[in-house]
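As structure tokens, the structure follows; a few thoughts come after it.
The values are calculated or read from the model by the stated rules, or taken from the named source; none is laboratory data. Remember, predicted model here, so these are calculated numbers, not experimental data. Cβ placement follows ideal geometry from the backbone for every residue including glycine, while neighbour counts extend to all protein chains displayed. Accessible surface areas use protein heavy atoms only, side chains included; no ligands, DNA or RNA. Shrake-Rupley method; radii C 1.70, N 1.55, O 1.52, S 1.80 Å.
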Amino acid sequence: MAIILLKQICIMFLLIAVGMLLVKKGFLSEQGGKDLGAILLRVVIPCVVVKSYITEYTPERAVDLAISAAMALVALGVAMAVSFLVFGTRKRIENFGAAFCNVGFIGIPLVQAALGEGAVFYLVSFIALLNIMQWTYGIVIMTGNRDAIRLKSISSNPVVLAFVLGLLIFFLRIPVPKVIVSTLSSIAAMNTPLAMIILGTYLAKMTVKEMVTGKSAYVCTFLRLIVIPVATLFVLWLIPGVKTEIKQVILIACCTPVGSNIAIFAKQYDKDYKLSVVTVCLSTLLCIITVPVFYTFVEKVLL
């Protein structure tokens, strides 16, 4: 797992370097980076969600999907509660960063490596619900604007619409033409490269001093990589009757580093994106150590 994690992080930082180079050479402007962020949040991520639900339906898979969704809600609830207790509305970037993890880029390959390709199905609901929470609760935390969680705002949210569409496709067994699936796959494949390149455009404007200073980023990272995973493990351990494999998948997801979307959201809503970039990079580097250690501990507790 450590090798898989290291490989993913190397890919991440190479893609970030591409974004930095584009900015340094004058090929990508600040407004261009912001526009790419809008495309990612409003087009690419919804395609990721819909594609995740295009899979064969069976009653057992439907039950597992419901259970994994419930466990994902529990895990996200723990993360948001811990983050809010520590940071509240005083430190909005740190609150958002600790609450939401990088389950898409780091979580999926780790689950594949540790539990096999089939276990990725249990991550579908986590990814979808994470994005929904980011677009609703996350925006409220980021901006302080409670209007973002009104019914009208939620019902028109692209990620929410994609989540509903995906559920309909799965439960109603709606056949999706191969050309549509291929199109969704092509767009969804842009998720990681686009997110990392955008992150690189933000990082290009930072100094080394800004990267290594700032206690808030370290506190946020400590919460994200250690406190929240341990708290989630304790809560899930208390819940009986759930497949061990589902719990393992959820715990792998919740111990991943700060999600890169924090920088994109910060840029979109004119918040401190420099701090958001620092939390992503710092937590991603340190998770090389924390994730394998935590997963070893999870195996001993659950198995």
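Looking at 231, 266 in this structure, which one is out of contact with any Lys or Arg (no Cβ under 6 Å at 6 or more places or on another chain), of a type in the set (Gly, Ala, Ser) and crowded, with 22+ Cβ neighbours inside 10 Å? Break it down stepwise before answering.
Details: 231 fails: crowded, with 22+ Cβ neighbours inside 10 Å.
Answer to the selection: 266.
Within the range 211-221, can you find the residues that are surrounded by 15 or more Cβ atoms within 10 Å (Cβ to Cβ) and either closer than 22 Å to residue 99 by Cβ or at pLDDT 70 or above (or both)? Reasoning before the result, please.
Applying the first criterion (surrounded by 15 or more Cβ atoms within 10 Å (Cβ to Cβ)) to the range 211-221 yields 211, 214, 216-221.
Matches in the range 211-221: 214, 216, 217, 218, 219, 220, 221.
If you check residue 28 against the conditions, is it within 25 Å of residue 187 (Cα to Cα), in a loop (DSSP other than H, G, I, E, B) and open to solvent by less than 50 Å² (accessible area, probe 1.4 Å)?
Details: within 25 Å of residue 187 (Cα to Cα): yes; in a loop (DSSP other than H, G, I, E, B): yes; open to solvent by less than 50 Å² (accessible area, probe 1.4 Å): yes.
Here the answer is yes, as residue 28 does meet what is asked.
With respect to the conditions (1) modelled with pLDDT under 90; (2) under 18 Å from residue 130 (Cα atoms); (3) of a type in the set (A, V, I, L, M, F, W, C), residue 66 falls short on a single one, namely (1).
Go through the range 140-153 and give me each residue that's among the hydrophobic types (A, V, I, L, M, F, W, C), modelled with pLDDT under 85 and within 18 Å of residue 88 (Cβ to Cβ). Outline the logic, then answer.
Of all residues in the range 140-153, those among the hydrophobic types (A, V, I, L, M, F, W, C) come to 140-142, 148-149, 151.
Subset that is modelled with pLDDT under 85: 148-149, 151.
Hits for the range 140-153 are 148, 149.
When the range 31-59 is filtered for residues that are assigned to a helix (DSSP H, G or I) and open to solvent by 50 Å² or more (accessible area, probe 1.4 Å), the ones remaining, listed by number, are 31, 34, 35, 39, 42, 43, 51, 59.
Where helices (runs of 4 or more DSSP H) fall wholly inside the range 99-188, the ranges with 2 or more residues that are over 30 Å from residue 295 (Cα atoms) are 139-143, 151-155, 158-171, 178-188.
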